[in-house]
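Below: the structure, in structure tokens.
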């Protein structure tokens with residue numbers, strides 16, 4: 001077992017949590033009390049007036065999707081809200097684990113740059129982590145927008161709740177939320193001394209320590225919390241050449257939070273977090289063969305060459321002895337230095353209750369330092385290796401005014417409204433030190449974004465139970481980009497400088513009707529957009545390009561229902577999204593060798609539509625059942641481009657392609673049973689099964705990247721003492737040891753690789769609340 005001194009000292013000083021808030025009736029607190037606690041912690045300027053709860057039934061989590069604290073079941077938006085108890089129960093440690101807890105979503109790790117995220121919601125997303133391109137979903141932490149997919153593979157420790165918003169959120173969340181967003185809320189300190197400490201040990205020498213301490217520095221006035229997270233493991237991939245394991249985790253995170261109650265009308269929450277990631281490259285599994293790399297369904301006038309991994313500078317005999325690697329969880333990757341990435345985040349949430357109105361001022365700063373290395377080809381041959389050295393700095397500032405319930409500007413409770421202004425600045429610089437076919441080279445790029453927005457929304461109760469709402473957001477984006485390719489770094493050509501500006505107006509319209517206090521139907525129409533971008537590092541000036549924003553128009557019909565005294569919950573959403581100007585990489589011919597260039601263009605249109613059902617039941621007080629089913633039909637309606645790199649092949653109709661990481665069916669089923677043992681405590685039994693139908697991991701649907709449908713079973717058994725202080729758990733993930741891939745791509749015609757998803761993991765946890 002590996003354990004650093006810093007981890008030992010952290011364990012003795014800090015504590016962790018199963019985190020006591022309520023959602024989906026998972027915690028031991030009575031639902032009514034849980035709802036009151038959440039409202040008490042919500043910003044005064046955005047508190048709803050009533051939360052309907054059932055003492056014996058399912059509790060209703062408080063969400064902030066529309067920048068107002070309101071019950072999930074009263075919010076006319078498709079949201080999967082996951083509270084701290086459920087996160088702990090499902091052993092969610094990082095953002096990709098959320099994939100199994102909500103329908104129609106994939107949050108995958110980029111295996112060639114493990115600090116990056118590939119997010120997809122309802123089929124829409126991207127596999128690019130190029131900083132010159134905008135992310136496709138809005139990820140926020142404590143309402144602070146995270147600017148880039150690089151560094152977006154975050155750990156989720158000491159978190160109060162995670163909200164997955166499906167459908168365009170362009171009015172409140174702004175740009176880069178055309179398919180939805182993920183909102184993370186960290187835990188606020190309590191007005192009493194206490195904390196939790198937890199230690200886990202599992203497969204592959206996985207040591208995980210996490211904890212927090214709350215301290216009222218001035219009782220009722222100034223509250224503090226300190227939390228920490230440490231994880232170290234050996235990884236589950238094994239190197240055939242050395243016999244050692246690869247892909248080990250080495251992560252440390254620390255957070256300090258201060259909550260000040262400045263009188264009865266002002267709350268100010270300030271938090272700072274620092275993360276250190278010194279993990280190692282997992283090593284991809286190379287699956288290259290002598291077969292030609294062809295897109296199934298395309299007709300080639302000029303066939304592509306045989307995979308270049310078995311040509312110069314490597315002999316065919318050497319390649320044949322190394323490739324492909326058919327044994328699962330094996331790699332021949334050359335040893336790479338460990339990552340040394342660091343993240344500093346600061347956030348300020350100020351809320352003022354000014355009687356008729358509430359004021360919210362949200363300010364955040366983030367600096368992510370990327371130092372990572374990857375043997376992309378997964379062999380000792382040096383076909384393609386990359387080392388990234390980048391800095392990503394973002395600053396955001398938002399001010400909102402909103403109506404307060406019962407204070408005169410809400411028309412006797414029939415109207416709630418919100419207006420705001422927003423400013424965002426993002427700057428980046430990145431050097432990529434590459435080895436391609438044994439030759440060392442590099443690329444460099446830098447850029448900046450300034451974004452400004454004004455927005456507002458209002459909801460009016462036209463008649464009892466029937467409300468209409470509308471919102472709009474005007475955004476102005478200003479971007480600059482500079483790139484310097486390998487020839488530029490050698491002084492053989494000048495750098496390439498570009499700039500662009502875009503404006504966008506997004507809006508949404510919603511009608512919702514509560515035909516009983518526990519049953520609601522809504523119809524929503526919304527628009528949104530993903531910001532424009534650049535070809536990251538074009539080889540020549542002719543290869544440079546600017547892509548305009550992607551846009552979406554979407555409608556959604558939703559039902560939110562609680563039945564049988566809140567013992568059964570059924571939420572349904574039916575949706576259709578139409579995307580325009582999708583940004584895709586296309587190939588164009590040129591007179592300069594190699595006679596083709598690749599550009600980022602607005603080359604496609606698409607439509608996604610489907611149905612999502614989320615269910616929960618508490619037939620008896622000790623048993624909670626849950627399940628979800630998502631059906632998604634995602635397809636291109638127009639996509640004509642040359643993706644072969646050969647002019648003679650011409651442009652092809654690519655509308656038959658399936659979206660990467662997108663399954664037609666997703667489903668999850670689970671149960672938790674709490675058994676009271678009287679004076680010796682209690683035991684909880686939890687089981688979860690998550691299934692997704694077949695998918696490709698590549699944009700062009702290469703056969704090697706196909707994954708058949710797969711289901712993963714996880715479980716946990718937890719004993720707690722009678723005082724609910726000491727807990728001991730045994731847990732397992734992927735209990736049936738299913739093998740599947742969660743990544744894979746070609747790199748030009750140099751090589752092809754896949755990344756294997758984790759095998760079965762089992763472990764134990766010990767926690768103590770004080």
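The criterion of being surrounded by fewer than 24 Cβ atoms within 10 Å (Cβ to Cβ) and out of contact with any strand residue (DSSP E or B) (no Cβ under 7 Å at 6 or more places or on another chain) does not hold for residue 96. Considering the range 266-309 alone, what residues qualify as being touching a helix residue (DSSP H, G or I) at 6+ places or on another chain (Cβ under 7 Å), over 30 Å from residue 240 (Cα atoms) and assigned to a loop (DSSP other than H, G, I, E, B)? 296, 300, 301, 302 - these are the residues of the range 266-309 that are touching a helix residue (DSSP H, G or I) at 6+ places or on another chain (Cβ under 7 Å), over 30 Å from residue 240 (Cα atoms) and assigned to a loop (DSSP other than H, G, I, E, B).
Filtered by the rule that a residue be out of contact with any helix residue (DSSP H, G or I) (no Cβ under 8 Å at 6 or more places or on another chain), part of a strand (DSSP E or B) and more than 16 Å from residue 96 (Cα to Cα), the range 128-165 gives 144, 145.
Listed here are the residues, each with its yes/no results for (1) out of contact with any helix residue (DSSP H, G or I) (no Cβ under 9 Å at 6 or more places or on another chain); (2) surrounded by fewer than 17 Cβ atoms within 10 Å (Cβ to Cβ); (3) in contact (Cβ under 8 Å) with a residue 12 or more places away in the chain; (4) on the phi < 0 side of the Ramachandran plot.
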{"site": "634", "(1), (2), (3), (4)": "yes, no, yes, yes"}
{"site": "642", "(1), (2), (3), (4)": "no, no, yes, yes"}
{"site": "665", "(1), (2), (3), (4)": "yes, yes, yes, yes"}
{"site": "676", "(1), (2), (3), (4)": "yes, yes, yes, yes"}
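Scoring residue 598 on the criteria (1) part of a strand (DSSP E or B); (2) at pLDDT 95 or above leaves a single failure, condition (2). Scanning the range 63-97 for residues that are in a helix (DSSP H, G or I) and under 28 Å from residue 507 (Cα atoms) yields 72, 73, 74. The lone criterion from (1) touching a helix residue (DSSP H, G or I) at 6+ places or on another chain (Cβ under 7 Å); (2) without any contact (Cβ under 8 Å) to a residue 24 or more places away in the chain left unmet by residue 440 is number (1). Among the residues of the range 167-215, those identified as assigned to a strand (DSSP E or B), within 17 Å of residue 94 (Cα to Cα) and within 22 Å of the chain's Cα centre (by Cα) are 181, 182, 183, 184, 185, 186, 208, 210.
So which residues in the range 527-540 are surrounded by fewer than 24 Cβ atoms within 10 Å (Cβ to Cβ) and under 16 Å from residue 508 (Cα atoms), if there are any at all? 527, the sole residue that qualifies.
Does residue 646 satisfy the criteria of being more than 30 Å from residue 552 (Cβ to Cβ) and without any contact (Cβ under 8 Å) to a residue 40 or more places away in the chain? Answer is no for this residue. Within 30 Å of residue 191 (Cα to Cα) and part of a strand (DSSP E or B), is that true of residue 766? It is true that residue 766 is within 30 Å of residue 191 (Cα to Cα) and part of a strand (DSSP E or B).
Suppose we keep only residues that are surrounded by fewer than 16 Cβ atoms within 10 Å (Cβ to Cβ) and in contact with a strand residue (DSSP E or B) (Cβ under 9 Å, 6 or more places away or on another chain) within the range 216-239. Which one would you say is nearest to residue 381 (Cα to Cα)? Only one residue tops the list, namely 217. Got a number for residues in the range 218-232 being in contact (Cβ under 8 Å) with a residue 40 or more places away in the chain and farther than 22 Å from residue 768 by Cα? Result for the range 218-232: 2. The listed residues are 552, 541, 537, and the only one of them that is within 30 Å of residue 485 (Cβ to Cβ), touching a residue at least 60 places away in the same chain (Cβ under 8 Å) and out of contact with any helix residue (DSSP H, G or I) (no Cβ under 8 Å at 6 or more places or on another chain) turns out to be 537.
The values are calculated or read from the model by the stated rules, or taken from the named source; none is laboratory data. Treat the numbers as computed from the prediction; the structure is a model and nothing was measured. Positions of Cβ are backbone-derived with ideal geometry, glycine not excepted, and every protein chain shown enters the neighbour counts.
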